[in-house]
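A short worksheet on the structure shown next.
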Amino acid sequence: MPDPVGEEKDMAPGFWWVGREDDPLLVENAEALMPYLPYYIAGWPLKWAGAEAARAPDIRVVENPDSTFQVISKGPGGADFSFDNPYDAANGLAGALISVFVARDPTLVCMHAGAARVGDGLVVVIRDSLAGKSSVALQLAVLGNRFFGDDQIAVTLENPSCGMCLGLMPKVRLPLPEDCGDGFREFVDGYSSMQGEDMAYLKLWEGEAGTFGETAEVRALVFLDRTESGASELRPASPPELVKAMVRTAFAPHIPSTDLLAGLTRLAAAVDAYHLRFSSSRDAAALLSGKFRNNNADAEK
Amino acid sequence: MTDEQLYIRNPAVAATEIDAETFLVEPETGEVFYLDEVTSALWRFIEEPRRESEIVQAFAEAFPDTGTAQISADIRAALTDMTERDLVVVRASDGP
């Protein structure tokens with residue numbers, strides 16, 4: 001992503017094209033946030049659109065006199081959020097870009113999920129916050145699987161369903177769990193691009209992580225069920241459980257609920273779904289990696 | 001609630017059944033509701049207008065190990081909840 005700082009024309013408030021070149025989003029007045037945006041999202045094409053724009057922006061950034069920021073997005077699911085500083089506002093801008101991008105495409109929904117490419121398909125891990133999605137997805141990356149997304153993944157409601165990488169940078173809560181393993185600690189230390197007191201943001205190399213817009217077929221949806229202790233266990237989930245979980249986590253303000261439900265029902269019929277009970281994200285990732293890599297190998301025989 | 005009332009599905013509600021469990025979409029808000037197997041059975045039963053007493057009787061026959069008082073309370077709670085959420089509508093009974 002080009003660094004806007006240092007180019008004189010970029011210092012003036014103006015407009016930016018962000019995202020797919022054939023249908024970019026227009027963002028107004030984001031100059032103060034641009035230096036921080038790469039900490040949160042990567043691979044989104046970015047292009048200066050000039051001091052004036054021919055159409056209304058999709059997202060506006062407002063810098064208030066008290067140095068706080070507002071990120072205002074339009075369209076289905078549009079929102080108006082306030083932030084105390086440019087770091088957090090850049091994170092808010094990343095979220096707004098993803099929301100507006102997904103809401104433009106009638107075939108896409110955004111799932112609150114993490115994902116890694118295991119073999120030739122995506123393993124998507126779903127659950128509410130604090131369930132360990134990020135840890136499991138990153139532990140899959142530590143095991144050599146291609147990291148595909150953390151926190152939000154776009155999926156198509158078609159058969160076969162594809163996941164689309166949204167370019168969100170992976171992050172992990174600090175301190176790391178004691179049982180995360182040396183490999184995970186080294187991974188986090190080696191790839192941290194920014195660390196706060198309770199969060200580390202990682203920047204993976206292109207070969208190790210999916211980039212914005214990359215797609216892969218969804219092989220399995222896995223619901224995480226974190227426990228205090230015990231070995232990792234994977235068991236099949238029923239289609240109603242799958243639909244119920246996806247309804248809870250799907251962001252799709254642009255799709256009528258009846259169509260969304262029909263699409264999620266099709267998706268539930270098309271992919272394998274599992275419950276993963278685990279206490280250690282390292283063991284959980286090893287179980288997933290072993291199962292789905294083996295499945296790929298079996299399929300190739 | 002009186003037994004003069006008839007309960008029936010709100011015809012504007014869209015329903016999707018998956019493996020005997022049901023998802024409903026409330027048309028005004030677009031909110032999606034999930035019904036477990038038992039509540040799904042209630043939803044199927046009120047495809048035609050039904051009195052509360054009829055529903056309780058049918059469920060008491062279907063679940064003989066559960067006390068009628070418990071079934072009655074559960075049905076009352078479910079009907080109240082679904083009526084408040086506009087998933088079910090109430091009609092006055094024309095007669096016995």
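Since every read-out is calculated from the coordinates, none of them should be taken as a lab result. Everything numeric here is computed off the predicted structure, so don't read it as measured data. Positions of Cβ are generated from backbone atoms using ideal geometry, with glycine treated the same way; all protein chains shown enter the neighbour counts.
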Sorted by Cβ density within 10 Å, fewest first, the residues A:E28, A:E233, B:E47
B:E47, A:E233, A:E28
Scalar couplings 3J(HN,Hα) for the range A:267-278 by Karplus 6.51 cos²θ - 1.76 cosθ + 1.60 (θ = phi - 60°), nearest whole Hz, x for Gly and Pro, are 4, 4, 6, 9, 10, 7, 10, 9, 9, 10, 8, 7
Between A:S279 and B:A12, with labels modelled 7 Å along Cα→Cβ, what's the label distance in nm to one decimal, could you check?
5.1
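Mind checking A:246-253 for the average number of partner chain beta-carbons within 10 Å of each residue's beta-carbon?
1
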Among all helices in chain B defined by DSSP H, which have a length of 20 Å or more along the axis from Cα atoms plus a Kyte-Doolittle mean of at least -1.0?
B:68-84
Going fewest to most other Cβ atoms within 10 Å around each Cβ, A:K244, A:K47, A:K133 line up as A:K47, A:K244, A:K133
Long-range amide H contacts for A:G210: which residues qualify at under 5 Å (H placed 1.01 Å from N, peptide plane, sequence gap of 5 or more or a different chain)?
A:F147, A:F148
Of all DSSP beta bridges in the range A:8-103, what percent run antiparallel (nearest 5)?
90
At q = 0.07, 0.08 Å⁻¹, work out log10 I(q)/I(0) for the protein assembly as shown with the Debye formula, treating every Cα as an identical point scatterer and leaving solvent out; two decimals please.
-0.42, -0.53
Approximate spin-label separation A:Q70-A:D198, in nm, with each point projected 7 Å along Cα-to-Cβ
2.7
Tell me the label-point distance for the pair A:S229, A:R293, using the 7 Å Cα-to-Cβ offset, in nm and rounded to one decimal.
3.0
Taking the alpha-carbon centroid of each part, what is the distance from the range A:157-207 to the range B:44-91 in angstrom?
49
Can you compute 3J(HN,Hα) from phi for each residue in the range A:84-96, using the Karplus curve 6.51 cos²θ - 1.76 cosθ + 1.60 with θ = phi - 60°, rounded to whole Hz and x for Gly and Pro?
7, 8, x, 4, 5, 5, 5, 4, x, 5, 4, x, 5
Looking only at A:A56, A:A209, A:A113, which one moves most when chain A is put into a Gaussian network model with springs between Cα atoms under 10 Å?
A:A56
Can you give the calculated 222 nm mean residue ellipticity of chain B, where each DSSP H run of n ≥ 4 adds -39,500 (n - 2.57) and the sum is split over every residue, rounded to the nearest 500 deg cm²/dmol?
-12000 deg cm²/dmol
Angle between the Cα long axis of helix A:239-249 and the longest principal axis of chain A, 0 to 90 degrees, nearest 10?
20
Fraction of beta bridges assigned by DSSP in chain A that are antiparallel (%, nearest 5)
75
Check which residues have an amide H placed less than 5 Å from A:V222's amide H, if you skip close sequence neighbours.
A:V124, A:V125, A:I126, A:Y274
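Please give me the summed charge of the neighbours of A:E208: other residues whose Cβ is under 11 Å from its Cβ, Lys and Arg +1, Asp and Glu -1.
Net local charge, A:E208 excluded: +2.
Tell me the mean residue ellipticity at 222 nm calculated for chain A from its helices only (DSSP H runs of n ≥ 4, each -39500 (n - 2.57), averaged over every residue, nearest 500).
Mean residue ellipticity at 222 nm (helix-derived): -9000 deg cm²/dmol.
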Could you list B:W43, A:W205 so that the one with the fewest beta carbons within 10 Å of its beta carbon is first and the one with the most is last?
A:W205, B:W43
